[in-house]
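S.K.: Input: one structure, supplied below.
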Amino acid sequence: MRPFGGPGDIISVEREMLTTAADVVVIGAGAAGLFCAAEAGKRGRRVVVLERNTRAGKKIRISGGGRCNFTNLYSSSASFISANPHFCKSALARYTPADFIRLVEKYRIRFHEKKLGQLFCDGSAQQITNMLLEECRRARVTVIYDCAVGGVERDDSFFVRTNRGDFSAASLVIATGGLSIAPLGATDFGYRIARQFGLRVRATRPGLVPLTLGAERSADFKALSGVSVDAVASCHGAEFRENVLVTHRGLSGPAILQVSSYWSPGDEIVLNLVPDEDACEWLASQRGREVTLANLLAQRLPRRFAHAWCELHALPPRPLRQYTDEELSRAARLLREWRLVPSGTEGYAKAEVTLGGVDTDELSSQTMEAKRAPGLYFIGEVVDVTGHLGGHNFQWAWASGFAAGQSA
Ligand code: FDA
């Protein structure tokens, strides 16, 4: 076996077949993989990262609308969905948003808080990938691109067979992400490796994804399409106040993306369109007025939405003064609890994340190492830990990558 050659090199188009011995092989040069590789490299470990794409961090590049919402000031275990809500606590406590902010500041990357603790680059998301690659370079990590992994075997070490030669290492870190957006490199590789080594994988489904309403319902909603309203969306006890956008296929916008992670087929989504008011009291207080309900709502909601919404629900176009008690309370109920049963989601093609994944019961919460397969680690989105919208998923990538990077 050839010894590890040229640590720190980034080999992108080398065709020579190699057999390389390393201490740590990381599969996936995304957020979690690059971060973990740099951390392990800083400890003097000889690290190789294998990436199937021709470049690193494709998802980082398009994240946050091209500005990468790289962390959230308020990230805590409450910002994550997992079968075991406690699992992420240890890693999140050991590598915090403040730690990542310090790194970003060290690289003089300018950033701002957009809202709700969400930190974005002022410039381009590529700055974050460049920073991670520079951290890898300084830690003498080798990144190999265009690398298709054929299989993994285990003897005393792990053997990774690829089109770029074979790699062996005592530690193997799986950082291949989830299933969302296949053109960016998403594969089910991580789940297959977990199963190969006898680890349970929790059922996966798209998260942070627009919801569809079905052809018939969407036609009813045509007049509302393209309008965004400030609302509280709730599903299964989880509620989020942000914008809701009606699309030609259904519902989107941050509040919908958030509740989509709690939604299962058949569930209803409840929207409160007047979150600052008690709808009943508000309408009662306006009852003496000559104004129509649509015009009254247009004081709180976009005009087009207010009118189309009243028409959709066949709310009488008479002045409120002429509303019966029953009509008024129906209008109030609809405003407070507009119940919709989505027909589905827009799927992995439009999902920001994948819910489910490698069962956290199989992993050490301190190190991300598989309890039943020593030396095998899973980090980032491939694990059954999924963040809310707003920078939490990257914070999990950094925190889980850090935990594994201290141990692998
Ligand atoms: P990630 O997907 O980043 O990396 C996995 C890597 O493994 C990829 O490079 C892939 O090519 C590689 N790979 C897969 N299979 C392989 C194989 N068999 N062999 C070799 N390599 C393989 N989050 C957030 O916190 N803030 C944000 O602003 C956004 N914005 C956002 C926008 C969009 C459009 C999407 C789709 C997602 C986001 N996210 C986000 C989510 C965030 O991008 C995501 O959670 C992290 O990138 C996950 O990091 P990982 O390293 O786990 O996977």
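Rule-based calculations on the coordinates, nothing more; no lab input. Computed from a predicted model, the values in this text were never measured in an experiment. Here Cβ is always computed from backbone atoms with ideal geometry, including for glycine, and neighbour counts include all displayed protein chains.
S.K.: Using a Förster distance of 22 angstrom, determine the FRET efficiency expected from the C-beta separation of residue 339 and residue 286, and round it to 0.05.
M.R.: Working: r = 23 Å, r/R0 = 1.07.
The computed FRET efficiency comes out at 0.40.
S.K.: Right, next: What FRET efficiency, computed as 1/(1 + (r/R0)^6) with R0 = 30 Å and r the Cβ-Cβ distance, is obtained for residue 215 and residue 243, rounded to the nearest 0.05?
M.R.: Details: r = 25 Å, r/R0 = 0.82.
Working from the Cβ atoms, E equals 0.75.
S.K.: Provide the per-residue ³J(HN,Hα) series for segment 159-165, in order, calculated from phi with Karplus coefficients 6.51, -1.76, 1.60 and θ = phi - 60°, each as a whole number of Hz, with x at glycine and proline positions.
M.R.: Per residue, the Karplus-derived 3J(HN,Hα) values read 10, 10, 8, 9, 6, 10, x Hz.
S.K.: Give me the extension gain from residue 299 to residue 101: residue separation times 0.36 nm, minus the current Cα-Cα distance, reported in nm with one decimal.
M.R.: Values: separation 198, 0.36 × 198 = 71.28 nm, distance 4.05 nm.
That pair, residue 299 and residue 101, stretches by 67.2 nm at full extension.
S.K.: I want to verify the translational diffusion coefficient of the chain in µm²/s; compute it with Stokes-Einstein, Rh as the Kirkwood radius over Cα pairs, at 37 °C and 0.692 mPa s.
M.R.: In µm²/s, the coefficient is 144.
S.K.: Moving on. Using modelled amide H (1.01 Å from N, peptide plane; none on Pro or chain starts), what sits under 5 Å from the amide H of residue 202, excluding residues fewer than 5 places away?
M.R.: Those lying under 5 Å, H to H, from residue 202 are 357, 358, 359.
S.K.: Report, in deg cm²/dmol and to the nearest 500, the calculated mean residue ellipticity at 222 nm for the chain, where each DSSP H run with n ≥ 4 adds -39500 (n - 2.57) and the sum is divided by the residue count.
M.R.: Details: 13 runs with 115 residues, N = 408.
Counting only the DSSP helices, I get -8000 deg cm²/dmol.
S.K.: Further question: Could you work out the relative contact order of the chain? I mean the mean sequence separation of Cα pairs under 8 Å and 6+ apart, divided by the number of residues, in percent. Intermediate results must be reported in sequence, preceding the final value.
M.R.: Details: 963 pairs, mean separation 99.3, N = 408.
Relative contact order, the chain: 24 percent.
S.K.: Let me ask something else about it. Just for the chain, what percent of DSSP beta bridges are antiparallel, to the closest 5? Walk me through the numbers on the way to the answer.
M.R.: Values: 46 of 69 bridges.
So the antiparallel bridges in the chain amount to around 65 percent.
S.K.: Follow-up question, since we're still on this one. Going by how many other beta carbons lie within 10 Å of each one, how would you line up 367, 176, fewest first? Display every interim value, and only then the final one.
M.R.: Values: 367 18, 176 30.
Listed from fewest to most nearby Cβ atoms, that is 367, 176.
S.K.: Mind jotting down the distance between the C-alpha centroids of segment 354-370 and segment 143-212, whole Å?
M.R.: Rounded to whole Å, the Cα centres lie 14 Å apart.
S.K.: Assuming R0 = 30 Å, what is the FRET efficiency of residue 116 and residue 94, from their Cβ-Cβ distance, to the nearest 0.05? Walk me through the numbers on the way to the answer.
M.R.: Working: r = 24 Å, r/R0 = 0.80.
Calculated value: 0.80.
S.K.: Using a Cα-Cα cut-off of under 26 Å, which lysines could be cross-linked to residue 42, ignoring same-chain neighbours fewer than 8 residues away?
M.R.: 58, 59, 89, 106, 371
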